[in-house]
Amino acid sequence: MAKALLEIDRLRVEYSSSTGSVVAIPNFSMKVQAGEAYGLVGESGCGKTTLLMAILGHLGARGAVTRGSIRFEGDNLVNAPASVLRRVRGNGIGMVYQDPNSALNPSMTIGQQLCEVPMLHQGIRMAEAMEQAAEMLNNVNLPDPGKVMERFPHQLSGGQKQRVVIAMALLARPRLLLLDEPTTGLDVTVEAAVLDLVNDMRKKFGTSLIYITHNLGIVAKVCERVGVMYLGDMVEEALVNDLFASPHHPYTRRLMSCVPRLDGNKHTTSFLPIPGQPAPLKLRPEGCGFAPRCQGYAVGWCNHEVPVDQVTKSHSVRCVRWRETDVFETKTEEIAQPGTPGDRPVLDVQQLDKIYYLGGAMKAIGKNSRQLIANHNVNFSAKDGEIIAVVGESGSGKSTFARILTGLEAATKGRILVDGKDVASKTLSHRSKEEIAAIQMVFQNPDSTLNPSHRSGHAIERVLKKFGITKDRAETTKMVEELFSTVRLSPWLKDQLPGRLSGGQKQRVAIARAFAAEPHILVADEPVSALDVSVQAAIINLLLNIQKTQGTTIVFISHDLALVRHLADKVVVLYLGKIMEAGTVESLFSPPYHPYTEALLSAIPIPDPTAIQPRVRLAGEIPSPLNVPAGCRFATRCHRKVGTICDTTPPPDRHGDDGHIISCHIPIEELEKIKTGLNFAVVKSPALKKTAVSKMVAQKGAVKAKAASKSKPSARS
Amino acid sequence: MLKYLSKKFISVIATLLVASFVVFALTEMTPGSVARKKLGQFALQSQVDFMDEQLGYNDPFYQRYVRWLGILVGAMPDPIQDPKVGEALGRSFVDKRGAQYFGNFGFSFQSNQPVNDIIWKKLANTGILAGISFALIVPISIFFGMLAGMREGSWYDRTISVGGIVATSLPEFALGVFLVAIFSTGLGWLPGGSPLSAGGGWPIWTQFVMPVMVLVIYDSGYVIRMVRGSMTEVMASNYIRTAILKGMTMPRVVTRHGLRNAMIAPFTVMMLQLNFLISGVVVTEMIFNFPGFGQLLLKASLEKDVQMIEAATLISLVFAIMTQFISDIGYALLNPRIGLR
């Protein structure tokens, strides 16, 4: 085998703290060949970023490599002199960061920041560096590089910034590119474009990649070889096809069953979230790190040093019981039991408009002020116990709708009937207690929704008192504890400050708070988009279970169509505040598609490396709601534009089966004919069947588990 | 840019108007006769009544405010310079600048001089003191603040931080007395007082050294801590990591990427120090017997020199508002996210 580009050998990284040192990475080895794309997967806190920082020699004042070596093109980077590190950083190894918003200097123009790189590494002059920077911006598909280079970071969108960061890394012509969750927090459409870009750049420059992510779907799209990390250990390593076809480590298997897929709905498949969370570094268990969360934990085996076992030459797994996964992997307590919607209409939105008038002074003298149209003619309804998903990119007016529904803002026009009463024009101060209690909300970022200086049970107590649900203190305490157990949190956590809770736990508290008011409608605004897939799966299962027992209607706002597929009964696709397509999950995820839905679907990273996905990419960015296109709102970016009619005339609503509505100039029969290639029945993978089987097993009890697991080898072949 | 400036400027004018009304209200609308306050407790009741009558002190407050403002900006002559008034009160109110000019602060009844004859000289003295101090405080604070903030928790960070706290917590009077004891009484290198006259045998410049030292030590401690806080925050940010991992040397990272961002927050604080240095240095001036603005203010307050207090308060206010105006512009220049729009 040729000499590896990067070779990490028995690496050990420790962090020192006032209470002694903790081991972040105990003993880690890996190789990356020249030109290879390597994916590193694992939950937050599994040492992925630490590993990258160790490679770049930037562990900070407290971190240190205490053993092992990192060789890049022959040079050992561990404790290397500053001059070697400076040469390797940027020049040999480039880095793309998780959050493009904070990775760029806010007070320097894009051009200044970009041209630093060639000036530094090639020793060329400013003018020449500017030329190179402009060329690279062209390469990463940013139109009008000259203009972009004069801008400051805050004047660009998130996707544009991430392209700039990628351009910055590539400007130094690195041989190895490290990508640390570069698409987390970006829209699916932007994510897809960034992934395309990474793939194209790889072809163009022959750069090797290490791609860190917690989303297996992305790995399937970008990488050739995958390593799964848990608590700083490499628990499984294989070629991407092998890993997805036959994952062996219990952790990998559970991680895979947490990824939402496009080929099943909530009734046919269920997530199998991993119980608990990664152990803190200080409390690293003896032997296998995953043991405390593993169903196959066996005393005498798992609590001793676990050797690496080779499945095949290129597939290694660090588990003593990997051959027996079928035996112990049977059931789970947290499996979802989704409910079915009733017949009683709970929510009816009729011709809802929300327009913001900007430029107040002009409005006063009757001049036509600028209008920001956030929602236009939104119509849909929901029954009790129904989950209705509102999807679209950022800026599509989803959150505005949520704000109107919950009474944070008043609608400009239209009606929202909640249990038959119109609340569209009523803000919170005009709503009665019952009306407020009827609609409760769960917010996006669990870290900022709980007051950090109040106990986590406090918010729930307030709700119980405010809405008069409990009479006295004892009753309140009892109720809080009940709610905590409903969301599967230990009752003692109610007296803890939110700072001591993990992200998933905080979101559970937020959900308990929302349900404390006994709402008829729960508005969940991207409740899981800030969480790891494994935590996301658990939260979704929780929502499904609570919803079944309470019969609550859920308005689920999300940009993740795969998740929506897994969760919703009905889907509404919004674009620039207007409904593009609406219908049941089944009708929405099968032809005919609205071209926008088609594009959104093709952007989803499918966790299956063999799946062939059509590549529909939207040009440019979502237009400003200040200046909406006169005809079809989607016309400026549509890949199926028929002609000028799209620009001039708003499209009619075309009706399909089962209440399916598509707003498009193309007749529904034509849309039906368009074979998008998104034929999900073709996409077969053992992972899917596994989840399906597990689901069945969970329902039918553990007795039949063995039979089910026996049937699996045949499914895998 | 122009729009931003004009918008800011309009708000400055509005702030000035409000501030001037507050100053007017504090002295002229508080209970008691205005003339009595100005003439002092030993004036005859007939004189007080005459002045109330002649200068319109019995008019409604808005008329008085308009008149007061009119005199101040030079839109109308000060009626007090009418010889009739001086005659009746047995004094002479003659301002060599005339009766009507911009910035007419009127007469100080206690010292029998136009306020303008007294106040500007004192203000100039304090201005020199403040200017020298400010010119030292800014670079010292930036240097030590940056050094400390560059590596949080390092030995020099801890040394500078502790030093900063000690310097700020030492009161000015204690610091002044220490310095006098060391440099004047002990070593005899510097004069113990600063009357700004060469009569004592000390050159004028030597008389500035110790007041400046007191102000610089006292004030830098605080500003250093502000700069350090901002710098540590910046150095922990992701874009600094980006810069380091571009392969830049540490000094370059700090000067190119750290400095400007770290200056955004402390800049406003530094500009605020100017206000303190102009109107808040009473203690230091008293210790060194420095003939400055603070001393004047104190004297005027003790003597109930209403006209002088009004003028001094107004000048301090105008100064504070103007530094804030400059600081807003500077802030926008440093921080592109604000933008001069």
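Nothing in this text is a laboratory measurement; each read-out follows from the coordinates by a stated rule. Please read these numbers as outputs of a predicted model, since none were measured by experiment. Every residue, glycine as well, gets a Cβ built from its backbone with ideal geometry; the counts of neighbours run over all protein chains shown.
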Inset, instruction - Once every Cα of region A:6-268 carries one equal point scatterer and solvent is ignored, give the base-10 log of I(q)/I(0) from the Debye formula at q = 0.13, 0.17 Å⁻¹, two decimals. - result: -0.88, -1.38
Inset, instruction - Determine, at each q value in 0.12 (inverse angstroms), the log₁₀ of I(q)/I(0) that the Debye formula gives when each Cα of region B:184-260 is one equal point scatterer. - result: -0.58
Legend entry - Centroid-to-centroid separation of region A:599-677 and region A:232-297 [C-alpha atoms, Å]: 36
Legend entry - 10 Å Cβ neighbours from other chains, averaged over peptide A:26-34: 0
Inset, instruction - Take the alpha carbon atoms of region B:218-341, find their radius of gyration, then divide it by 2.2 N^0.38 Å using N residues; give the quotient. - result: 1.46
Inset, instruction - Report the calculated FRET efficiency for residue B:124 and residue A:62 (r = Cβ-Cβ distance, R0 = 60 Å), to the nearest 0.05. - result: 0.65
Inset, instruction - Figure the gain on full extension for residue A:308 and residue A:432 (residue separation times 0.36 nm, minus the Cα-Cα span) and round it to one decimal in nm. - result: 38.4 nm
Inset, instruction - Would you mind checking A:147/A:203; A:433/A:466; A:383/A:421; A:398/A:578; A:3/A:31; A:383/A:578 for any pair whose Cα atoms are more than 19 angstrom apart? - result: A:147/A:203; A:383/A:578
Inset, instruction - Could you work out how far apart the two model spin labels at residue B:49 and residue A:324 are, taking each label as a point 7 Å from the Cα in the direction of the beta carbon, and quote it in nm? - result: 11.4
Legend entry - Zone of residue A:79's modelled label, taken as backbone nitrogen in region A:36-69 under 13 Å from a point 7 Å along Cα→Cβ: A:64-69
Inset, instruction - Just the Kirkwood number for region A:531-641, please: inverse of mean 1/r across all distinct Cα pairs, in Å, one decimal. - result: 15.9
Inset, instruction - Please order B:108, A:425 by the number of other Cβ within 10 Å, starting at the fewest. - result: A:425, B:108
Legend entry - Order of A:479, A:95 under a 10 Å beta carbon neighbour criterion, fewest first: A:479, A:95
Inset, instruction - Compute the separation of the alpha-carbon centres of region B:150-208 and region A:131-200 and state it in Å as a whole number. - result: 54
Inset, instruction - Along each of the three principal axes of the Cα atoms of chain A, give the extent in whole Å, ordering the values from largest to smallest. - result: 71, 68, 54
Inset, instruction - Can you tell me the equivalent ellipsoid semi-axes for region B:3-53? Use √(5λ) from the Cα gyration tensor, largest first, whole Å. - result: 38, 9, 7
Inset, instruction - Would you please state which residues of region B:223-267 a label at residue B:166 would reach in this model, taking the label point 7 Å out along Cα→Cβ and a backbone N cut-off of under 20 Å? - result: B:223-229
Legend entry - Cα pair distances exceeding 21 angstrom across region B:31-104, given as percent: 28
Inset, instruction - Name the aspartates and glutamates eligible as straight-distance cross-link partners of residue B:84: C-alpha to C-alpha under 19 Å, and not fewer than 8 places from it in the same chain. - result: B:49, B:52, B:53, B:95
Legend entry - Within-10-Å neighbourhood charge of residue A:583 [Cβ basis; K, R +1; D, E -1]: -3
Legend entry - Surface/4 of the Cα convex hull for region A:123-162, nm²: 3.1
Inset, instruction - In Å³ and rounded to a whole number, note down the convex hull volume per residue for the Cα atoms of region A:50-105. - result: 104
Legend entry - For region B:1-140: Kirkwood Rh in Å [reciprocal of mean 1/r, alpha carbons]: 17.5
Legend entry - Zone of residue A:18's modelled label, taken as backbone nitrogen in region B:138-159 under 18 Å from a point 7 Å along Cα→Cβ: B:152-155, B:157-159
Inset, instruction - Sticking with the crude label model, points 7 Å out along Cα→Cβ, report the distance from residue A:371 to residue B:42 in nm, one decimal please. - result: 7.8
Inset, instruction - Please state, rounded to one decimal and in Å, the Kirkwood hydrodynamic radius that region B:117-334 gives when every pair of distinct Cα atoms enters the mean of 1/r. - result: 19.0
Inset, instruction - Could you work out the per residue convex hull volume over the alpha carbons of region A:3-108, in cubic angstrom? - result: 141
Legend entry - Ranked B:281, A:140, criterion: other C-beta atoms within 10 Å, fewest first: A:140, B:281
Legend entry - Label-point separation in nm, residue B:9 to residue B:58, each point 7 Å along Cα→Cβ: 4.4
